[in-house]
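The values are calculated or read from the model by the stated rules, or taken from the named source; none is laboratory data. Bear in mind that the values here come from a model prediction, so they are computed numbers and not experimental data. Quick reminder, even Gly has a Cβ in these numbers, built from the backbone with ideal geometry, and neighbours come from all protein chains shown. Just so you know, the surface numbers come from the protein's heavy atoms only, side chains and all, with ligands and any DNA or RNA stripped out. Shrake-Rupley method; radii C 1.70, N 1.55, O 1.52, S 1.80 Å.
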Amino acid sequence: MAVTQLIGARIQRREDPRLVTGHGRFTDDRSPRGCCVLQVVRSPHPHARIRSIDTARAAAHPDVLRVLTAADFRSVLHGAMPVTPSFVAEKRQVPERFPIATEEVVYQGEPVAVVVARDRAAAVDAAEWVVVDYEPLPAVVDPIAALDPAGPRAHAGAPDNVCWDVTYTGGDVAGAFADAELVVHGRIVQQRLAPTPIEGRVVVAEHDPYDERMTIWLGSQNPHFIRLFVSQALQMAETQVRVVSRDVGGGFGSKISPYPEDYLVPAAAKLVGRPVKWVETRTEAMAGTTHGRGQVFEADVAVRRDGTLLGMRLTQTLDVGAYCGTFGAFQAVAVYMAPGAYRWRGVEGRTIGVLTNRVPTDPYRGAGRPEGTHLVERMVDLVARELGMDQAEVRRRNFVTAFPFTNPFGFVYDSGNYHGSLDLALAAVDYPSLRRRQAEGRAAGRYLGIGLSTYVEICGFGPSAPTAGATGGIALVEGAQVRVFPTGSVAVYVGTHAHGQGHDTTFAQIVADTLGVPMEQVELHHGDTDEGTGFGYGTYGSRSLSVGGMAVRGASLLVREKARRLAAHLLEAAEADVLVERGRFAVRGSPASSRSFQEVALAAYGANLPSGMEQGLEAVHYFDPANFVWPFGAHVCVVEVDPDTGQVTIERYVAVDDCGTVINPMIVEGQVQGGIAQGIAQALFEEVVYDPDSGQLRTGTLLDYLVPTMSELPVPECSRQVTPSPTNELGVKGVGEAGTIAASVAVINAICDALQPLGIRHVDMPASPDRLWQQLQEVRRP
């Protein structure tokens, strides 16, 4: 589709003035009348048996309303927290998780009691007075060691620590390895990461016992799923529970799934008979909010000596944590994405989910796609090194070139131009000149490195057939309602929910462009389960535009067609002769005979309607895509590494991304830049660390967990090419995770390229100065 007046326009986000001037509406701004404060008492042990809980002194505090334990909550909460199949339906064991520990704690930070008080100070003080008698048990910390049958169990009495162990095979793997002239091995570690959105989690709940209604305010990427899960636990009808999520200060996947507090706060409100509020501290976020990554890969790649990739065998050992996250198994999609942008005769991937006594892992920006990309892009670089070939040449030799293309696991890449994005990226950095500079620098004792990352990602979840099974029955389609008022203003209700993506702007662009009305007349509603579409499927997996945006487009087209039919009636013309252009309906060949959109909107509520037409001007549309969408791109990172200190300096970072048709270039650039920042952060700075012996969390604050600032990050040079997707009418793909997927391996490949002359073959993340210095000392030892 050709870019029109507003689709493709570079428009500043219209939600920003409200947010940057302090007028956002976040959950912590909400304190209903009579609201009290909930404080969680958490386990200091990674694994222990609870002998007893003494709440007497805490309950005697004059400002404490209730001290609640599992026994109290079981009177209002029923069943276990949910775990979905998430593409790994064949799980061997899924430990049951009640929102608060009963007899055993299995990670440091697990709730064991809550204090509900009139104010925060009283709640915090009284929580210190709750006495829990623990019997410490051996902690399982290392997911590799956890596979030892003779080792301790993450859950007492469990047969082992394996949550799942599944192998997927696509193509002729045996034949590929039989024909190999070389097999290259690699071990890739994906460290644990803390999502650390700027806004921590907050939950406010108010129960109305007379109407039997529960209202829950929280920051969520997934309000309708939270309502579904929590209403079931409370044994209330979904219609009796309202979840409201206004502005959300970032999520990065960590606000998709339900948390214990999402259940405990509304349950406490019901038990206490007053509104209840809980506000997460940053230390609670580090010790309780789901972590990302936490995986170890072993891979073998079969190749010919001319650089042709033949086959791959890989094993993913995934640290599930103490419980299988609601969507935690989705991270196994790294296996499906391991083929990357290349042709293979066969790929075999084994994924093992391992239980440990650490915080559960769940999707974190990219969720399986960064891990799969990091794996294949490192392996391609290792192949190039073993063969003495240029890294770009190995990629070019193996790129997929004909589309649609079915990868070894049966996933269909919709469209692409992988050569084009790599050529643009290499031209932007003047690749031949960089290689000359590198050679000259090495002669002078300076170590320049050039890292490539050519990625493809699966997103736009998603087609109903594959996603219904993954969620446990609910297909990840998306719905939108477009309602036009008599004056021509437009209200749009969507089931996706923004937490920084700019939906208020991009969705308004689509509606305004389709209907021909000013953007100022379009108002977007999202995040409230009592508004708009019956069920919303949330924001994650770069799905908002390619699924939710297409639902908005479809509903807008239905409205436009009804308006066109009504305009034809008003103009006494054949419907086929009425043209729609920039908000006016005109008769073909008689431009003077026309009606404005506002005139038609008003007429839709009048009496002069065509036979069979109902009053009003609105439509609901659900969009079920035929396929996922497959954005791709090429990133180039240029670094210099100081061999005496291990310090890495990023000289340049160039990104060429292809997300299909672009609705708003400014928002796309912002998404890519933010993703690159998080990818670089993983490559160089961030890591959740637990003590290997005690299992205690070492990185419990931002003094210990290193989140980079703008001072440590380069300014990315972002450009793009456009290869429309055939999956939807607008040709859009997704871009919210692209930067994160590509960036970490671009940086690591650059570091390995820089240090190749010094004998460094591979470095794990984060590639901190001390880690690199230690590695350099090891290779220098005689």
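A compact table of results
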{"quantity": "Proximal lysines to residue 270, defined as alpha-carbon separation beneath 27 angstrom and excluding residues fewer than eight positions away on the same chain", "calculated": "255"}
{"quantity": "Cα→Cβ-extended label distance, 7 Å offset, between residue 174 and residue 119, nm", "calculated": "7.4"}
{"quantity": "Rounded if a/c under 1.5, otherwise prolate or oblate - the range 160-263, Cα gyration tensor axes", "calculated": "prolate"}
{"quantity": "In nm, spacing of pseudo-spin labels at residue 18 and residue 56 (7 Å Cα→C-beta vector)", "calculated": "5.3"}
{"quantity": "Efficiency of FRET from Cβ geometry, residue 642 and residue 576, R₀ 56 Å, rounded to 0.05", "calculated": "0.20"}
{"quantity": "Under 12 Å from residue 277, Cα to Cα: aspartates and glutamates that are on another chain or at least 8 residues apart", "calculated": "28, 29, 119, 206, 261, 262"}
{"quantity": "Exposure of residue 600 as accessible area (Å², to 10), given a probe of 1.4 Å and all protein chains", "calculated": "0"}
{"quantity": "³J(HN,Hα) computed for each position of the range 601-615 - Karplus, 6.51 cos²θ - 1.76 cosθ + 1.60, integer Hz, glycine/proline x", "calculated": "4, 5, 5, 5, 9, x, 9, 8, 10, x, 4, x, 8, 8, 5"}
{"quantity": "Amide hydrogen neighbours beyond the local backbone of residue 453, cut-off 5 Å, H modeled", "calculated": "635"}
{"quantity": "Using θ = phi - 60° and Karplus 6.51 cos²θ - 1.76 cosθ + 1.60, couplings along the range 649-665 (whole Hz; Gly, Pro as x)", "calculated": "10, 7, 7, 8, 9, 10, 10, 10, 10, 10, 10, x, 4, 9, 7, 9, x"}
{"quantity": "Other-chain or far-sequence residues with amide H under 5 Å of residue 201's (modelled H)", "calculated": "280"}
{"quantity": "Overall form of the chain per C-alpha gyration tensor (a/c, 1.5; a/b vs b/c)", "calculated": "oblate"}
{"quantity": "Those aspartates and glutamates that a straight Cα-Cα span of less than 17 Å connects to residue 91, excepting residues fewer than 8 apart in one chain", "calculated": "160, 165, 319, 362"}
{"quantity": "Heavy-atom accessible area per residue - the chain, 1.4 Å, Å²", "calculated": "36"}
{"quantity": "Inter-label distance for residue 232 and residue 393, nm, one decimal - labels placed 7 Å from Cα along Cα-to-Cβ", "calculated": "5.6"}
{"quantity": "Stretch gain in nm, segment residue 211-residue 565, where the contour uses 0.36 nm per residue and the Cα spacing is subtracted", "calculated": "123.1 nm"}
{"quantity": "Those trypsin sites (Lys or Arg not before Pro) in the range 14-76 that DSSP places in a loop and that have at most 11 other beta carbons within 10 Å", "calculated": "33"}
{"quantity": "Solvent accessible area, Å² - residue 103, 1.4 Å probe, full protein context", "calculated": "130"}
{"quantity": "Solvent accessible area, Å² - residue 685, 1.4 Å probe, full protein context", "calculated": "50"}
{"quantity": "Carbon/sulfur fraction of accessible area - the chain, other protein chains in place, 1.4 Å, %", "calculated": "51"}
{"quantity": "Summed side-chain charge close to residue 443 - residues other than residue 443 whose Cβ falls under 12 Å, Lys, Arg +1, Asp, Glu -1", "calculated": "+3"}
